[in-house]
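Novice: Here it is: the structure, laid out below.
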Amino acid sequence: MSNKTLIVGIIIFVVGLLVFGRWYSGGVTQTSNPYGAHNQANISNVTGSQLAPDFSLAKLGGGTISLAEFRGKKPVVVDFWASWCPNCRRDMPHLNRFYEKYKDKVEVIGINLQEEGSTVQSFISSRGITFPIALDPNGQASNAFGIHYTNTHFLIDKDGNLVRTIPGDIQESDIVSLIQ
């Protein structure tokens, strides 16, 4: 590896850390929360049921997607992810297999955390992901859910209640629990 390549790599790494640090601390441009005043501790540490914050986001490939459109129809798994996240790279193909198996009974919505649409499209295409992907460029949905980490899943029942938070990889049993 040449010195130039090493220096460019270090610069990219440092810039990435700065961007992540600003995003993690809430320093990235934030708009007012259009989904109501949800305290992040109440959302990210859910142990009972409460109404999940709604969102309406642009969908990769066109159109929009909202959580409310599934209320009364079927439960939803909301997955907050980013293409640079190693755990997301590992988990998303598993989640996609669960989606393909249970898509008639449970919806899955992947919400990308503030990446460019072309980056998201490349990632999704390279992994054959088929569940809907929403773009959250201003962090509106991630702020409403109190997201600070990638690879975080929210289980939402058919009535729109947030019933469980899963930090890290999701299991098939988690999907099945929403159906029962």
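No value in this document is a laboratory result; all are computed from the given coordinates. As the structure is a computational prediction, the values presented were derived from the model and not from experiment. Ideal geometry is used to build each Cβ from the backbone, glycine not excepted, and the neighbour counts take in all protein chains shown.
Novice: Mind running the shape call on the range 77-156? Use the C-alpha gyration tensor, a ≥ b ≥ c as the square roots of the eigenvalues: rounded below 1.5 for a/c, prolate if a/b tops b/c, oblate otherwise.
Specialist: Here the range 77-156 falls in the oblate category.
Novice: When the chain is fully extended, how far beyond the present Cα-Cα distance does Leu51 get from Asp169, taking 0.36 nm per residue of separation?
Specialist: 40.2 nm
Novice: So what is the relative contact order for the range 55-162, in percent, with contacts set as C-alpha pairs under 8 Å and at least six apart?
Specialist: Answer for the range 55-162 is 41 percent.
Novice: For His148 and Glu116, what is the calculated FRET efficiency with R₀ set at 30 Å and r taken between the beta-carbons, to the nearest 0.05?
Specialist: Efficiency computed from Cβ-Cβ geometry: 0.90.
Novice: Classify the range 37-180 as rounded, prolate or oblate, taking a ≥ b ≥ c as the square roots of the eigenvalues of its Cα gyration tensor: rounded when a/c is under 1.5, otherwise prolate if a/b is larger than b/c and oblate if not.
Specialist: rounded
Novice: Tell me, in nm to one decimal, what length is gained between Cys85 and Arg127 on full extension, where the rule is 0.36 nm per residue of separation less the Cα-Cα distance?
Specialist: Full-extension gain reported as 13.7 nm.
Novice: So if each residue of separation counts as 0.36 nm, and I subtract the Cα-Cα distance between Ala58 and Asn138, what length gain in nm does that give?
Specialist: Result for the pair: 27.7 nm of gain on full extension.
Novice: Once R0 is set to 22 Å, what does the formula 1/(1 + (r/R0)^6) return for the Cβ-Cβ distance between Asp159 and Lys103, expressed as a FRET efficiency to the nearest 0.05?
Specialist: Plugging the Cβ-Cβ distance into 1/(1 + (r/R0)^6) gives 0.65.
Novice: Cross-link candidates for Lys158: which aspartates and glutamates have Cα within less than 14 Å, leaving aside residues fewer than 8 places away along the same chain?
Specialist: Asp54, Glu69, Asp104, Glu107
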